[in-house]
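So the structure is just underneath, and the comments pick up after that.
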Amino acid sequence: MNIQWYPGHMTKARREMEADVRIVDMVIELLDARAPMASGNPEIRRLGQGKERVIVLNKSDLADAATTAAWIRSFQAEGAHCIAMDARGSGNRKLLLRTIEAAAAAKRERDKKRGILNRPVRAMVAGIPNVGKSTLINMLSGRSSAKTGNKPGVTRGNQWIRFQQSIELLDTPGILWPKFEDPAIGEKIAFLGSINEMIVDKTELAVTLLAFLGSKGKLEGAKERYQLTGTETAAEMLTEIARLRGCLMAGGEPDTEKAAGIVINEFRSGALGRISLEAPEGEAHGTENAEG
């Protein structure tokens, strides 16, 4: 599949971020823990040059734990502060606050030497669509300060949220970059739900996902959940899933589009197991799978 999606509002959002990044002390970038490289926008890294960098591997409860640990080591080796978490869980709030404070330590020391006291740290929260930025901000602030949704494009404009005397957060819209040079990147972020589904053929996406999982030895969860033998082609698997799940059209023909929606949604929810789509260079893919 060759997936490209760069709606006009993203150009405006990128320009606003270019202006706002000048007045922030750090950039908190959310990546999807299942695909940290594919979900990392190179434009955000460019905009954040010279700023403290905090990387949050969000939705880590859906990713292979060993692979996520390898990603943390990889990003820390680059000099970034990196943690893995599920932004929907309030138990991670203290961990994230400690990480932000650690990243802000040098800035606070500079302020102290200049006689500046109690100036809040300003952090830009950035990432691609549907990676959980607004959910993270709401978790930190303890209230619904930012709109959330399970589809890309919910946040359309920058907004400042001050939830402590010492920290101010700038919520930004999810932005992609104009062209994915590697088709695999577009496929992976489509698997994750960061591409507008109106432009994606669900059946083709589900077949591509099943083929990808098979090529990486990550079909065990799907085979168990859908009672597959694993000897079928990806297209045959989807047809069999339609039949087994009762997704039938008039005349008893398998409704592969309906079955495709089931496969995609169950992958995204973790029902097919804890699956990482990529590992750092030199690291093997994890094989951990949850039952389901």
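Quick note: the coordinates plus some simple rules give every number you see, no bench work behind them. It should be emphasised that the depicted structure is a prediction, and the values quoted were computed from it without experimental measurement. Counting neighbours? That spans all protein chains shown, and the Cβs are built from the backbone with ideal geometry, glycine included.
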* Asked: Do the alpha carbons of any pairs in Lys113/Lys133; Lys133/Lys202; Lys12/Lys258 sit beyond 30 Å of each other, and which pairs?
  -> Lys113/Lys133; Lys12/Lys258
* To do: Quote the convex hull volume per residue of the stretch 1-155, based on C-alpha atoms, as a whole number of Å³.
  => 131 Å³
* Mind checking which of Ala259, Ala105, Ala211 has the largest fluctuation in a GNM of the chain, springs on alpha carbons under 10 Å? -> Ala105
* Asked: Rounded to a whole number, what is D in µm²/s for the chain from Stokes-Einstein with the Kirkwood radius over alpha-carbon pairs (25 °C, 0.890 mPa s)?
  -> 122 µm²/s
* Structure fact -> Under the Karplus relation with 6.51, -1.76 and 1.60 and θ = phi - 60°, whole-Hz ³J(HN,Hα) for the stretch 218-226, x at Gly and Pro, equal 10, 9, 4, x, 5, 4, 5, 5, 9
* **Derived scalar couplings ³J(HN,Hα) [the stretch 120-127; Karplus, 6.51 cos²θ - 1.76 cosθ + 1.60; whole Hz; x for Gly, Pro]** => x, 6, 9, 10, 8, 9, 9, x
* To do: Rank Val200, Ala33, Leu272 by how far each Cα sits towards the positive end of the charge dipole of the chain (+1 on Lys, Arg Cβ; -1 on Asp, Glu Cβ) and give me just the farthest.
  => Ala33
* Long-range amide H partners of Glu52 with built H, under 5 Å -> Val27
* **In Hz, Karplus ³J(HN,Hα) per residue of the stretch 248-259 (6.51, -1.76, 1.60; θ = phi - 60°; x = Gly, Pro)** => 10, 9, 4, x, x, 6, x, 8, 5, 5, 5, 5
* Asked: Amide H to amide H under 5 Å from Ala126: which residues, 5+ apart in sequence or cross-chain, H placed 1.01 Å off N in plane?
  -> Ile28, Glu29, Leu30
* Give me the distance in nm between label points sitting 7 Å out from Cα along the Cα-to-Cβ direction at Asp111 and Gln4, one decimal. => 4.4 nm
* **Highest-first arrangement of 107-114, 185-192, where packing means the average Cβ count within 10 Å** => 185-192, 107-114
* Asked: Between Met198 and Ala66, what length in nm is gained on full extension when 0.36 nm per residue of separation is reduced by their alpha carbon distance?
  -> 44.1 nm
* To do: Taking H placed 1.01 Å from N in the peptide plane, check which residues at least 5 places from Ile167 or on another chain put their amide H under 5 Å from its amide H.
  => Val121
